[in-house]
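Heads up: the structure comes next, in structure tokens.
What follows draws every value from the coordinates through simple rules; no lab data is involved. Predicted, not measured: the structure shown is a model, and the values here were computed from it. Ideal geometry is used to build each Cβ from the backbone, glycine not excepted, and the neighbour counts take in all protein chains shown.
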Amino acid sequence: MNIFDMTIHELHAALKGKQLSSMEATGAMLERIEALEPQIGSYITVTREQALEAAGAADKKIAEGNCDILTGIPLALKDIFLTEGIRTTCGSRILDNFIPPYSATSWEKLRDRGAVLLGKLNQDEFAMGSSSESSAYGTTRNPWNTSCIPGGSSGGSASAVAARQAIATLGTDTGGSIRQPASHCGCVGLKPTYGRVSRYGVIAYASSLDQVGPLTIDVEDCATMLEAVAGYDPKDSTSVNTPVPDYSANLKQGVKGLKIGLPKEYFIDGLDPDVQQAMTAAIETYRRLGAEFVDISLPHTDYAVATYYLIATAEASSNLARYDGVRFGHRADADALLGMYTKSRSEGFGAEVKRRIMLGTYALSSGYYDAYYVKAQKVRTLIMNDFIRSFAEVDVMLTPVAPTPAFKIGEKINDPLQMYLSDIFTIPVNLAGTCAMSLPAGFSAAGLPIGVQLIGKPFGEETILRAGYAFEQATEWHTRKAAI
Ligand code: GLN
């Protein structure tokens, strides 16, 4: 079997059976990265030497009979994860020269099990965006059609999986940044419940929303990756101390009798017909598999985008205050301290990040705080209550991930409002703090992938993974590959 067709599980079997070494697999991946980068641009930094060294160490472990599921598997990380000794930019010029002194817990967990790091993946600057066009390191392209965006902000994490430039990747999701690129690139992407995965060592965008999660080519790999990174971390006070279920063991239980809610606010008139068709087909598939559908309503959905863009920008304005040219990152030449701050930030941040800092600072400023920030927090509670109420009736919800398939590069970058509105189906999940997954569910007439979203109860990852697995067994979408 071709290494570029392999899932984590298939590569693991080949490594364990000694048909292939991690050195060979890693070498092949590095070659493919080099060959495809001019067309795709998934990576900001390729860690060739470290990767080969880690592959050698993994092969040694395997020879000694120590072959964990992740040993020797070449993975890659969004450039928002701190990696000790390896440049971490978060897609920003302000961190162009930043070499972190420590690593993110989620990466340490993968590395400790023998995973190989191929490099750091492109993203929107500070994870602010839906198209990967706001990176200071160029735009990533969609492997299915290189004139289209791969989605964002974890665009590099999705394109690398779709172009088979990594076996699996990690991304982060604040308002859809794992699920939307997964949907646009035809891979599986899961945003876990807030608190499920440690965010220690993950550069903060909006701390009450950010979560870490996997992007993979199938649900089984997704379960494996989630199992590896989930769990309590004393270094992240928002991580929850509740046991991590054996997600992989419970995948095959089927969906007979599963109650799936269809929120009417997510099936709107403006929905792209190809997306609508994929949703109808997905519903049909689940019905055949024995699931039951229930019509539900999440009445405050309309307010989600506005609420999100107040809360996320307010938190971002506070989180990004630390980039002042003093302790790390870009420092501009200037005569006085205040001038140095201003110039460093003016030169270091891109236009979208500046826009968000200004919006957030405004929403938090005296006189406006109650009218905007406090109001948004109250509406967030209403949105959360919509989910709690509906989850008393259903086990999971099924919705589109995005209103359209991947749009063209350049189409929305000068129209921030249109860009923000495209997050309407992913944002409410982050505001509610629950979990959701994007699964390949079809293709548009133009040949672009379309994802379906399964939303689970808080800490209900097990259920959405099981439902996702059943869907995958009944469909072929996840087996299609971009002809790149
Ligand atoms: N597109 C959304 C934003 O720009 C979500 C980004 C994310 O999830 N990091 O904020």
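Just a few scattered comments:
- Whether region 158-254 is rounded, prolate or oblate, judged on the alpha carbon gyration tensor where a/c under 1.5 counts as rounded: oblate
- Straight-line cross-link partners of Lys457 among the aspartates and glutamates, defined as a Cα under 13 Å from its Cα and at least 8 positions apart when in the same chain: Asp386, Glu393, Asp395.
- Remark: region 48-145 carries a charge dipole of roughly 100 debye about the Cα centre, counting +1 on each Lys and Arg Cβ and -1 on each Asp and Glu Cβ.
- Counting beta carbons within 10 Å around each of Ile178, Ile33 and listing the fewest first gives the order Ile33, Ile178.
- Likely footprinting exposure, Lys481, Lys120, Lys18, fewest C-beta neighbours within 10 Å first: Lys18, Lys481, Lys120
- Cα centroid of region 320-390 to Cα centroid of region 192-213, whole Å: 18 Å
- A convex hull fitted to the Cα coordinates of the chain yields 136 cubic angstrom per residue.
- Packing rank of 104-117, 369-382, where each peptide gets the mean count of other beta carbons within 10 Å, highest leading: 104-117, 369-382
- Gyration tensor (alpha-carbon) shape descriptor, region 31-145, a/c threshold 1.5: prolate
- Packing rank of 353-366, 89-102, 336-349, where each peptide gets the mean count of other beta carbons within 10 Å, highest leading: 89-102, 353-366, 336-349
- Protection proxy ranking, peptides 181-194, 283-296, 426-439, average beta carbon neighbours within 10 Å, highest first: 181-194, 426-439, 283-296
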